[in-house]
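Heads up: the structure comes next, in structure tokens.
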Amino acid sequence: MKQQQVLRVVAGLVAAAGLVLGQPAGQQPQQPPSGGAGGTTGGTRTPTPTPTPTPTPDSRERFPQMGEQQQQPTFQEMRRPVFLTGKVILEDGTPPPDSVTIERMCNGLARPEGYTDSKGRFSIELGRNTMMMADASVSGANDPAFSGMGGLGSSRGGFGSTSNPAGGLSERDLMGCEIRAALPGYRSDAVMLTGRKLLDNPDVGTIILHRMGNVEGTTISATSLHAPKDARKAYDKGREALRKQKWADAQKQLEKAVQVYPEYAAAWYELGRSLESQEQLDKAREAYAKSLAADAKFVNPYLQLAGLAARDKKWQEVADTTDRVVRLNPVDFPGAYFFSSIAYYNLKNLDAAEKSAREGIKADPQHRFPKINHILGVILAQKGEFTAAAGFMKDYLKFAPKASDADVVKNQLAELEKFAAAQKPAQAPAPQQ
């Protein structure tokens, strides 16, 4: 197989994955036994994680054709609004000092559904989380400019507009599902939804968050516990404005919160987000820095700062910042590994890039970041490990079958499988009898 073919496919992989800034030094794409090696890579598009596809309406819901008998759904298949209420507390019985995301986990895939209020209470309609705004710790954003890093962490925030197009859920939709509170650094009790009837009492009771002993960093700042009432009130108003994407209103309220309580790390962080959303990037960096000055173990500002560095292609800064996130919490932020792998690739360190990608996959059993499989496939292809690269490409397509680049990746996979077959040593002839 010709050298140019190998280089063309590897360059295409790199471009599609958004791994930019050329060929890592000392690393040339290896080739199958019949060709040579060498060359450079291309591509300029900045990478973004691919969100889990939104479920599509069931085929039973289409309009029947002329003369076709319409099937009547069973009661279990009838779609109705599903409302749930409950409360989240910490192990000591107190409410979390900040809002917590309520997730619906179905067959290993997580979907944020709403937030708790300042007292830990929640009231949600499943599948209607249209007002949830993605922040740096979720994977649903798709800003090609790395605005807010587009999702560096695991569970807070939202996927944007993910309302159920069919209007409500059926009892069958709840099979294999559970409700839990999602907060990095904590393990949540779960409330099973399998077997739940649409007319059941909406109150699911109390969900307890258990602190994990092996992590330092969380997305809740301890300084929030000491916030005065006036600061807390302004903070809550600012958060609500952020969820509604009213950036200027959020900025006004959050500036009021930090004026009342300058050590309010969570408020500085949210103020940074409101400023970043208005493209006031220097002021956003200042707000994130003040958040970390108030609480150095508060993970969220690190994630946003890494995102701002990635926008400017400051890859060493991205690597340093995401490494800090991993040291604080190696469990809950697969997106930190995701962008760490991209940073190390561009720093011409394929071994570190591969290590970060593999750790990210290990930290992401729910496949919130399926794109990391694609990235690892690109890295392994760059190393000439075509069989392993093809395997991770297949995983990407498995976990994100409706990704916008799925057709491109399928073509890449076909080429990689050809190279993998060419790499295999010829089998020795069977001995004659």
Out of all the residues in the stretch 240-248, is one or more among the aliphatic types (A, V, I, L, M), closer than 17 Å to D98 by Cβ and modelled with pLDDT under 95?
-> yes
Given the stretch 342-433, what helices (runs of 4 or more DSSP H) lie entirely inside it while holding 2 or more residues that are within 18 Å of the chain's Cα centre (by Cα) and on the phi < 0 side of the Ramachandran plot?
-> 350-362, 371-382, 386-399
Hey, Y344 hits all of (1) in contact (Cβ under 8 Å) with a residue 40 or more places away in the chain; (2) assigned by TED's automatic domain parsing to the domain that holds L271; (3) of a type outside the set (D, E) but one; which does it fall short on?
-> (1)
For the stretch 184-193, which residues satisfy the criterion of being in contact with a Cys (Cβ under 9 Å, 6 or more places away or on another chain) and either part of a strand (DSSP E or B) or within 22 Å of L328 (Cβ to Cβ) (or both)?
-> M192
Scan of the stretch 398-424 for residues that are under 21 Å from I361 (Cα atoms), of a type in the set (A, V, I, L, M) and surrounded by fewer than 17 Cβ atoms within 10 Å (Cβ to Cβ), ordered by number = A406
Inspect all residues belonging to the stretch 327-343 and state whether any of them is in contact with an Asp or Glu (Cβ under 9 Å, 6 or more places away or on another chain), closer than 22 Å to A306 by Cα and among the charged types (D, E, K, R).
-> yes
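The values are calculated or read from the model by the stated rules, or taken from the named source; none is laboratory data. All values derive from a computational prediction rather than experimental measurement. Reconstructed Cβ throughout: ideal geometry from the backbone, glycine too, with neighbour counts over all protein chains shown.
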